[in-house]
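Novice: Here you go, one structure.
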């Protein structure tokens, strides 16, 4: 016979606030891209970031039940043409002071500079721009998503461990592609990689659905990659237009990595170490899909708020921010070590996963890369390298 | 030196063998669950020789010895049940219901009720080992793991990995009556033999919270400093407390060390270097030794408790998880 016995409420003797406190968290995103996904194997995701944030809210509320704190999420999706500042001001007027932002860097800076943002706390969950971490920092803007430099460094460390030091870099035409290529160039210098060849991909996207489309692709990639020998082809194609077409078609039998192939990422549905299995299952049971890196960044931001709110017993954005940037803050994030925020630019430091499509390959930072304070700071921009004045 | 005849030497030799035989009459057996090999390794406590590796269900983790020392209760996590291993025949005789994905279990002091943490659905399942049935399911925080039962039979403490809490369950009513916030990712809850304190390890928080049971408040958070070891690698998991309550032992995970703590001062007395990712420990029946499971180096260390020194480390199955010692 099974009975479920529900919890007795918090009784006297519990040394935490008995008063009820509500923390409202806003999440601003732009409308998702309408373009078709590369493969039918990957369903279109309409609630990217939102589902991750909601998971964080659920997790926060399980503790909040006992501590008298309740968390809620208000997701707002902007249509094209809608200004983020209007939506931000509207939420601020309703009392929201804690914001997750899944927006491009320019929007982030515009919002962070609004007078309303001065007493709010903002989290960048989607933009990977290194400039936000190096010279365009804002005190009220923390980053739970990894930067391009962190991802490039994570991959470069693994390649150094493998001694795959000769890199053939193939770069797309988007500014984002060039930015990632730049991050790879910096990572090469830091970790002993050598870009032996660099080419720009100037062809159109592949002809996957047309009959015998493979024939022209086979030819095109073969010819394009006929260069002097290298160890790995690193592709910079952030919009996922052509990078997937390069594997198994290069002139030389060499692996592909970068934005496709062997990828460095904050999260993947393949990941099951350090207790992640339960976490993945819980999310999957709620949403019917697997957590994306964007979901995970949103979850990290919401959990950061929850963790700080529990430990400081406060909903005040300044109190929470101070706690998050202090040595006291630690978040258990299924990465084997606590994750914390860098006080010089508000970037969350975390191990990054090196994954293929179906399994985990490695985790960076790799053994042997030393650092005076934390090996996690071998990924991305370190204190002496930023000009943020914090 | 006096000359000894050959027969004299033979007599001395036989005497020594006789003494050894008497010594091994007090012998005991160590059982270790191997998460990856799906076996229970059986190791002779004296010689440290591997006697057997018993095949059990998928992913055995938490194990507990029955009160009469005759069977081993095993959480075979991927099978969603508990297996009962007869230690004389070394065969699994039957299973017990446990709820999904049982990781860790604790046996009540009377020996009849097993308390099992179900990570996937946030429950503690209470199982009657005689009737072989579920008695009740108690809802707790997210991802319950640690289970500690007080020797006086009054309290069950369950730790919740994501809510970062230790939930106190009154065993008279099977209800959660108090919740204490500890540091991040609590794993193990262990009562002192006098039932007056419960010690809770926080793996990611890097501390052990010593909680006073009467007031449900934290007396002290013990932290660890190891020269040359980064703070993030110090991840306390298993806790064992000596019978006289004077010493506590804490396994520090990737720091590869066991901390020895004086329970009166709550200060770390000594650090003992064992194998990689040390998680759980068990005393020998005569309390002269402590056995530790070193998950990543796939071995087990033996600590001499009189000298407080690591005597030896022996290989066991892959990813050793739980350890118990049966007389």
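Any read-out appearing in this document is the output of simple, stated calculations on the displayed coordinates, not a laboratory observation. What you see is a predicted model, and the numbers here were worked out from it, not measured in a lab. Heads up, the Cβs are rebuilt from the backbone with ideal geometry, glycines too, and the neighbour counts pull from every protein chain shown.
Novice: At a 10 Å Cβ-Cβ cut-off, how would you order A:39, B:313, A:310, B:293, fewest neighbours first?
Specialist: Exposure proxy ranking, most exposed first: A:39, B:313, A:310, B:293.
Novice: In Å³ and rounded to a whole number, note down the convex hull volume per residue for the Cα atoms of chain A.
Specialist: Spread over its residues, the Cα hull of chain A gives 168 Å³ apiece.
Novice: What percent do you get for the relative contact order of chain A when only Cα pairs under 8 Å and 6+ apart count?
Specialist: Reported relative contact order: 19 percent.
Novice: Obtain the nm distance between the two label points defined at residue B:196 and residue B:265 by a simple spin-label model: each point lies 7 Å from its Cα along the Cα-to-C-beta direction.
Specialist: Between residue B:196 and residue B:265, the label points sit 2.0 nm apart.
Novice: Considering only A:25, A:195, A:359, give the residue with the highest GNM mean-square fluctuation for chain A, with springs between Cα atoms whenever their separation is below 10 Å.
Specialist: Maximum fluctuation in the GNM of chain A, among the listed residues, is at A:359.
Novice: In the range B:47-111, how does Rg compare with the Kirkwood Rh, expressed as the Rg/Rh ratio over alpha carbon atoms?
Specialist: Values: Rg = 11.9 Å, Rh = 12.2 Å.
Expressed as Rg/Rh, it is 0.97.
Novice: Please state, as a whole number in µm²/s, the translational diffusion coefficient that the Stokes-Einstein equation yields for the protein assembly as shown at 10 °C and 1.306 mPa s, with Rh defined as the Kirkwood radius across alpha carbon pairs. If you can, show how the numbers build up before the last one.
Specialist: Values: Rh = 27.8 Å.
D = 57 µm²/s.
Novice: Also, I was wondering about something else. Using alpha-carbon pairs under 8 Å, 6+ residues apart, how would you state the relative contact order of the range A:192-308 in percent?
Specialist: Answer for the range A:192-308 is 17 percent.
Novice: May I pose another question? Quick one: among B:269, B:35, B:203, which has the greatest mean-square fluctuation in a GNM of chain B with alpha-carbon springs under 10 angstrom?
Specialist: Answer for the Gaussian network model of chain B: B:269.
Novice: Under a crude label model (7 Å from the Cα following the beta-carbon direction), how far is residue B:212 from residue B:86 in nanometres?
Specialist: For the pair residue B:212/residue B:86, the computed spacing is 5.0 nm.
Novice: Estimate the FRET efficiency between residue A:74 and residue B:44 by the formula 1/(1 + (r/R0)^6), using the beta-carbon distance for r and 45 Å for R0, to the nearest 0.05.
Specialist: Taking R0 as 45 Å, the efficiency between residue A:74 and residue B:44 is 0.10.
Novice: Summarise the partner chain shielding of B:157-164 as one whole number: the mean count of Cβ atoms from other chains within 10 Å of each residue's Cβ. Could you put the intermediate results ahead of the total?
Specialist: Details: counts 0, 0, 0, 3, 5, 13, 11, 6.
Average per residue, whole number: 5.
Novice: Once both labels are modelled 7 Å past Cα along the beta-carbon direction, what's the residue A:21-residue A:227 spacing in nm?
Specialist: 5.4
Novice: For the Cα atoms of chain B, what angle does the longest principal axis make with the long axis of helix B:6-24, in degrees from 0 to 90, nearest 10?
Specialist: Helix B:6-24 sits roughly 10 degrees off the main axis of chain B.
Novice: In degrees between 0 and 90, to the nearest 10, how far off the longest principal axis of chain A does helix A:148-162 point, with axes built from Cα atoms?
Specialist: Compared with the principal axis, the helix lies near 60 degrees.
Novice: Could I ask something else about it? Using alpha carbon centroids, what distance separates the range B:73-141 and the range A:21-48, in Å?
Specialist: Between the Cα centres of the range B:73-141 and the range A:21-48 lies a distance of 41 Å.
Novice: Rounded to the nearest 500 deg cm²/dmol, what is the calculated helix-only ellipticity per residue at 222 nm for chain B, with -39500 (n - 2.57) per DSSP H run of length n ≥ 4? Mind dumping the intermediate values first?
Specialist: Details: 1 runs with 19 residues, N = 327.
Result for chain B, helices only: -2000 deg cm²/dmol.
Novice: How shielded is A:61-70 by partner chains, expressed as the average number of their Cβ atoms within 10 Å of its Cβ atoms?
Specialist: Average neighbour count from other chains, rounded to a whole number: 4.
Novice: Based on alpha-carbon positions alone, could you give the equivalent ellipsoid semi-axes of the range B:84-199 from the gyration tensor, as √(5λ), descending, whole Å?
Specialist: Taking √(5λ) for each Cα gyration eigenvalue gives 23, 16, 13 Å.
Novice: If you don't mind, there's one more thing I want to ask. What does the highest-first list of A:311-318, B:78-85 look like by mean Cβ count within 10 Å?
Specialist: B:78-85, A:311-318
Novice: May I ask you to derive the relative contact order of chain B, considering only C-alpha pairs under 8 Å and at least 6 residues apart, and to give it as an integer percent?
Specialist: It rounds to 12 percent for chain B.
Novice: Rg and Dmax of chain B, using alpha carbons, in Å: what are they?
Specialist: Cα only, chain B: 20.4, 76 Å (Rg, Dmax).
Novice: So, one more: Suppose R0 equals 56 Å; then what is the FRET efficiency for residue B:219 and residue A:36 from their Cβ-Cβ distance, rounded to the nearest 0.05?
Specialist: Taking R0 as 56 Å, the efficiency between residue B:219 and residue A:36 is 0.40.
Novice: Follow-up question, since we're still on this one. Measure nothing fancy, just the Cα-based angle from helix A:175-191's long axis to the longest principal axis of chain A, in degrees from 0 to 90, nearest 10.
Specialist: On a 0 to 90 degree scale, this one is about 90.
Novice: For every helix of n ≥ 4 consecutive DSSP H residues, a contribution of -39,500 (n - 2.57) applies; sum these over chain A, divide by its total residues, and give [θ] at 222 nm rounded to the nearest 500 deg cm²/dmol. Don't skip to the answer; put the middle values down first.
Specialist: Details: 10 runs with 124 residues, N = 390.
Calculated mean residue ellipticity at 222 nm is -10000 deg cm²/dmol.
Novice: While we're here: Which length gain, in nm to one decimal place, applies between residue A:86 and residue A:114 when the Cα-Cα distance is subtracted from 0.36 nm times their residue separation?
Specialist: Values: separation 28, 0.36 × 28 = 10.08 nm, distance 1.08 nm.
Length difference between fully extended and current span is 9.0 nm.
Novice: Have a look at A:368, A:243, A:275 and tell me which one the Gaussian network model of chain A (Cα, springs below 10 Å) gives the largest fluctuation.
Specialist: Highest fluctuation of the listed residues: A:368.
Novice: For B:203-213, what's the mean count of beta carbons from other chains sitting within 10 Å of each residue's beta carbon?
Specialist: Details: counts 5, 11, 3, 3, 0, 0, 0, 0, 0, 0, 0.
For peptide B:203-213, the averaged partner shielding equals 2.
Novice: Going by Cα centres, the range A:165-192 and the range B:180-206 are how many Å apart?
Specialist: If we compute the Cα centre of each part, the gap is 47 Å.
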